[in-house]
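The values are calculated or read from the model by the stated rules, or taken from the named source; none is laboratory data. A quick note: this is a predicted structure, and the numbers were derived from the prediction, not measured. Using ideal geometry, Cβ is built from the backbone for each residue, glycine included, and neighbour counts are taken over all protein chains shown. Please note that ligands, DNA and RNA were not included when accessible areas were found on the heavy atoms of the full protein model with its side chains. Shrake-Rupley method; radii C 1.70, N 1.55, O 1.52, S 1.80 Å.
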Amino acid sequence: MNLQERFLAHMVKKISTQYPEELPSRFQLLCLHFAWGNYGFMAGLNYLKQIARATDETKGPILECGSGLTTLLMAMLTKGRNIHIYSLEHHPIWQEKMTKTCQKLGFDHVSIINAPLKNFGDYDWYDVDKANLPMDFNLVICDGPPGKIKGSRYGLIPEMDKHLTESCTILLDDAGRKNEKQVIEHWERRHGFAYRMKGVFPKFAMVNRAPAYAKGQ
Ligand SMILES: C[S@@+](CC[C@H](N)C(=O)[O-])C[C@H]1O[C@@H](n2cnc3c(N)ncnc32)[C@H](O)[C@@H]1O
């Protein structure tokens, strides 16, 4: 293990051990940032903090779009709670790296699913066998695919809606970017979701079904 890997293992142990009494502090999240070191791709501190809170509160399986530090953080806070994390990953080398990292850290309740991007007409989205996915995701962490693909992250709702509960919360990262703003507006107008912007830079959005559109109403 090199120094950075040791630092990561140390932070994972520290945060896992203090949970559930304490959620990771801002300083610990900052340390995790340095320990992971995938600058330019990993989530910001405010987003991580919100993910930690939401993971602590959730009871069912978690869907993630785009794996990385967010996956590891959720894995620390769900180990031993009978909560499985399904993380869709389009990049085969990254999928392999994340799978190995989870194995090394003992996170056998995390599946990093190899899901190449596929065109679905107006948008691209992960090509995943939905028959193997739960129907009761109550929390979705959407930090992928990369924003520049066709339709950006719009595909989440048309492709995965049937797998999300009525009270499902989606935490969409990079919500201040032009493409992601458009995504949220389309989710709102076409699919009946509502959102609140959070964070300063980078911004993220907390997205839920608007009450009037909840399934069955
Ligand atoms: C914004 S990143 C997701 C980051 C993750 N949620 C985190 O907090 O670390 C979205 C996608 O970028 C890709 N990616 C991550 N790190 C990368 C790297 N160093 N080089 C190229 N692609 C990368 C992966 O395919 C990932 O799913």
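A few remarks follow.
- With every protein chain in place, the chain: carbon and sulfur % of accessible area (1.4 Å): 53 percent
- Only Cα pairs under 8 Å and 6+ residues apart enter the sum, and on that basis the relative contact order of the range 21-151 stands at 26 percent.
- Taking a ≥ b ≥ c as the square roots of the eigenvalues of the Cα gyration tensor, the range 43-213 is rounded, since a/c falls below 1.5.
- Taking θ as phi - 60° and the Karplus parameters 6.51, -1.76 and 1.60, the scalar couplings of the range 154-162 work out to 4, x, 3, 6, x, 8, 10, 3, 5 Hz in sequence order, x denoting glycine and proline.
- Take the Cβ atoms of Ala131 and Ile93, set R0 to 25 Å, and the FRET efficiency comes out at 0.45.
- Taken about its Cα centre, the chain carries a charge dipole of about 420 debye when Lys and Arg each add +1 at the Cβ and Asp and Glu each add -1 at the Cβ.
- 3J(HN,Hα) along the range 143-149, derived from phi through the Karplus expression 6.51 cos²θ - 1.76 cosθ + 1.60 where θ = phi - 60°, amounts to 10, x, x, x, x, 7, 6 Hz, with x in place of Gly and Pro.
- Full extension of the chain segment joining Arg6 with Leu45 gains 11.9 nm, where the gain is 0.36 nm per residue of separation less the Cα-Cα distance.
- Additional length obtainable on full extension of the chain from Arg177 to Lys59, 0.36 nm per residue less Cα span: 39.4 nm
- Rounded to the nearest 10 degrees, the inclination of helix 26-36 to the longest alpha-carbon principal axis of the chain is 80 degrees.
- Length added when fully stretched, Ala210-Lys104, from 0.36 nm per residue minus Cα-Cα: 34.1 nm
- Helix axis angle, 92-104 relative to the chain longest principal axis, alpha carbon, degrees: 50 degrees
- Probing with 1.4 Å while keeping every protein chain in the model, the per residue accessible area of the chain equals 50 Å².
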